[in-house]
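No value in this document is a laboratory result; all are computed from the given coordinates. What you see is a predicted model, and the numbers here were worked out from it, not measured in a lab. When we count neighbours, we look across all protein chains shown, and the Cβ atoms used for this are built from the backbone with ideal geometry, even at glycine.
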Amino acid sequence: MANVNERTYIMIKPDGVQRNLVGEIIGRFEKRGFKLIALKLVQSTVEHFEKHYADHKGKTFFPRLIKHMASSPVVCMVWQGLDAVKTGRAMLGATDPLQSPVGTIRGDYALAVGRSTCHGSDAIESAEYEIKLWFPEGVVQYTSALETWIQE
Ligand code: ABT
Ligand code: MG
């Protein structure tokens, strides 16, 4: 059963922030109908990104990935709505931007695997882990007037 309150962790990566794509990416999630329940710009650390990407520890690309992620600020967000995890991933495109269809975030704005512009949780369990990792203070609870007009 699809969950209308499903949450996903979306993060605009250093290359997305540096290229001024923040408004564009936030706008796509807003226009799709998702509800924003947490948002912040942070300059994070190597240690924190090692936790975020713990599943990739030991892989050859890991040190380069972590170095890039900690090189400049990122925008951390939690979006809520119907099937948010799977739909969020579909909005991003594929891991390799060159394999991402036009119309997706990576298919429209990215070229290289190591500069993929935006992160999205790949499963409900990883979303829960990532939301706790990036928002230990919790998310914002509020009623959105739009919800009635987006979801059944
Ligand atoms: P993320 O949303 O960043 O997690 O990307 P995605 O889930 O699409 O892809 P995964 B497999 O999680 O890759 C994480 C980051 O590692 C980079 N990467 C990945 C490489 O540089 N080389 C590789 O061979 C693979 C598999 C791409 C992702 N991030 N960046 N930047
Ligand atoms: Mg991933």
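Can you give the net charge of the other residues whose Cβ lies under 14 Å from the Cβ of E47, counting K and R as +1 and D and E as -1? Don't jump to the answer; show the numbers that get you there.
Numbers: positive: K51, K57, K67; negative: E50.
My count for the surroundings of E47 gives +2.
Can you give the Rg to Rh ratio of region 7-138, both from alpha-carbon atoms, with Rh computed by the Kirkwood formula?
On the way: Rg = 13.6 Å, Rh = 14.7 Å.
Ratio value, two decimals: 0.92.
If you build a Gaussian network model of the chain, linking Cα atoms that sit under 10 Å apart, which residue out of A127, A54, A90 swings the most?
Top of the fluctuation ranking is A54.
Points 7 angstrom from Cα along the Cβ direction at Y142 and A2: gap in nanometres?
2.5
Take region 84-132, compute every pairwise Cα distance, and split them into 5 Å bins from 0; I just need the percent in each bin.
5, 26, 28, 19, 15, 7, 1
How many lysine pairs in region 1-121, separated by 8 or more positions in sequence or lying on different chains, have Cα atoms less than 23 Å apart?
Here the count comes out as 19.
Nearest 500 deg cm²/dmol is fine: what mean residue ellipticity at 222 nm does the chain get from its DSSP H runs of n ≥ 4 alone, each adding -39,500 (n - 2.57), divided by its residue count? Please list the in-between numbers first.
Details: 8 runs with 60 residues, N = 152.
Only helices count here, giving -10000 deg cm²/dmol.
Please check: in the Gaussian network model of the chain (C-alpha springs, under 10 Å), which one of G58, G27, G107 has the largest mean-square fluctuation.
Sorting by GNM fluctuation, first place goes to G58.
Return one number: the angle in degrees, 0 to 90 and rounded to the nearest 10, between the long axis of the Cα atoms of helix 22-32 and the longest principal axis of the Cα atoms of the chain.
Around 40 degrees separate the two axes.
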